[in-house]
Amino acid sequence: MTEDFVHADFNLGTLDVIDLDANPIQQFTKWYYEVQAAGVTEYPAMTLATCSSDGRPSARIVYLRGFDQRGFAFYTNYNSRKGDELAKNPFASLCFYWKELERQVRIEGRVNQVSSAESDAYFAGRPLNNQLGAWASSQSGHLESAQVLYTRVEEFRQRFAGGPIPRPAHWGGYRMVPDRMEFWQGRPSRLHDRFAYVLNSTGTWTVNRINP
């Protein structure tokens, strides 16, 4: 099921029809693979914004590590600043910006930890040095010097020599379950196309065009 929205470009005198899927995850899938096919570099990069319990926001770039109808997954240290903030305030937002195609997607919702099995499977597929780094780094904590971190990495390399490296308990995945998604398509004269999907109480999505 799609809904057609007509865009009038007053500078060029042409009409563009934007075909939106009724399901925003499906719409995201379409855009995501179009961006990938266009050769956009760092296309999985997204801004993750979290907020402390006292209302102070913070944002950083992380990578999307999978998505489906359940939501959008990423992985990190549970004891990091973002992990601490998500433990106290589980609501967050994501933002993708693909300059080459003049597209932006904003996603809001609740963030939950993924299952241990999912985290284990993802961790097992990471490069060796990334696995060691997850053990060695107390992410967001004070670090006396870079050498201290490198020394820790080598200590864990020796500790796990000769066998698979298990996932540390403090490291794993999160999944954002969206309740609002917005798709932004750049247009001339800043008359951009914006469409907002909102999840209603019946579990269905409503989509509306909103002002740029």
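Tell me which of these residue 11 doesn't satisfy, since it passes every other one: (1) exposed (fewer than 12 other Cβ atoms within 10 Å of the Cβ); (2) at pLDDT 95 or above; (3) more than 30 Å from residue 141 (Cβ to Cβ); (4) not hydrophobic (A, V, I, L, M, F, W, C). For residue 11, the exception is condition (2).
For the residues 182, 155, the requirement of being over 30 Å from residue 27 (Cβ atoms) and of a type in the set (Asp, Glu) singles out 155.
Can you tell me which residues in the range 94-111 are in contact with a helix residue (DSSP H, G or I) (Cβ under 9 Å, 6 or more places away or on another chain) and surrounded by fewer than 16 Cβ atoms within 10 Å (Cβ to Cβ)?
Step one: of the range 94-111, the residues in contact with a helix residue (DSSP H, G or I) (Cβ under 9 Å, 6 or more places away or on another chain) are 96, 98, 100-101, 103, 105, 107, 111.
Within the range 94-111, 100, 101 qualify.
Evaluating residue 189 against the criteria (1) in a helix (DSSP H, G or I); (2) small (Gly, Ala, Ser); (3) closer than 24 Å to residue 63 by Cα; (4) in contact (Cβ under 8 Å) with a residue 40 or more places away in the chain leaves one unmet condition, (3). Please determine, by comparing only the residues of the range 142-191 that are more than 27 Å from the chain's Cα centre (by Cα) and among the β-branched types (Val, Ile, Thr), which one is farthest from residue 122 (Cα to Cα). Top of the filtered list is 148. Taking every residue in the range 128-143 that is in contact (Cβ under 8 Å) with a residue 12 or more places away in the chain and pairing it with any residue that is part of a loop (DSSP other than H, G, I, E, B), at least 6 positions away or on another chain, the pairs with Cβ-Cβ distances below 6 Å are 131/165; 134/168; 135/168; 139/80; 140/80. When the residues of the range 144-179 are narrowed to those that are among the acidic types (Asp, Glu) and without any contact (Cβ under 8 Å) to a residue 40 or more places away in the chain, which ends up surrounded by the most Cβ atoms within 10 Å (Cβ to Cβ)? Top of the filtered list is 155.
Residues of the range 117-136 that are of a type outside the set (A, V, I, L, M, F, W, C) and out of contact with any strand residue (DSSP E or B) (no Cβ under 7 Å at 6 or more places or on another chain): 120, 125, 126, 127, 129, 130, 131, 133.
Collect the residues in the range 143-153 that are in a loop (DSSP other than H, G, I, E, B) and either among the polar types (S, T, N, Q) or farther than 19 Å from residue 171 by Cβ (or both), keeping them in residue-number order.
Going through the range 143-153, the residues in a loop (DSSP other than H, G, I, E, B) turn out to be 143-145.
Of everything in the range 143-153, those that are in a loop (DSSP other than H, G, I, E, B) and either among the polar types (S, T, N, Q) or farther than 19 Å from residue 171 by Cβ (or both) turn out to be 144, 145.
Residue 108 passes every criterion in (1) at pLDDT below 95; (2) touching a Ser or Thr at 6+ places or on another chain (Cβ under 9 Å); (3) of a type outside the set (A, V, I, L, M, F, W, C) apart from (1).
The residues of the range 39-48 that are in a strand (DSSP E or B) and crowded, with 16+ Cβ neighbours inside 10 Å, listed by number, are 46, 48. The residue of the range 69-82 that is nearest to residue 23 (Cα to Cα), among those that are without any contact (Cβ under 8 Å) to a residue 60 or more places away in the chain and either crowded, with 16+ Cβ neighbours inside 10 Å or out of contact with any helix residue (DSSP H, G or I) (no Cβ under 7 Å at 6 or more places or on another chain) (or both), is 82.
The values are calculated or read from the model by the stated rules, or taken from the named source; none is laboratory data. From a predicted model like this one, the values you see are computed outputs, not experimental measurements. Positions of Cβ are backbone-derived with ideal geometry, glycine not excepted, and every protein chain shown enters the neighbour counts.
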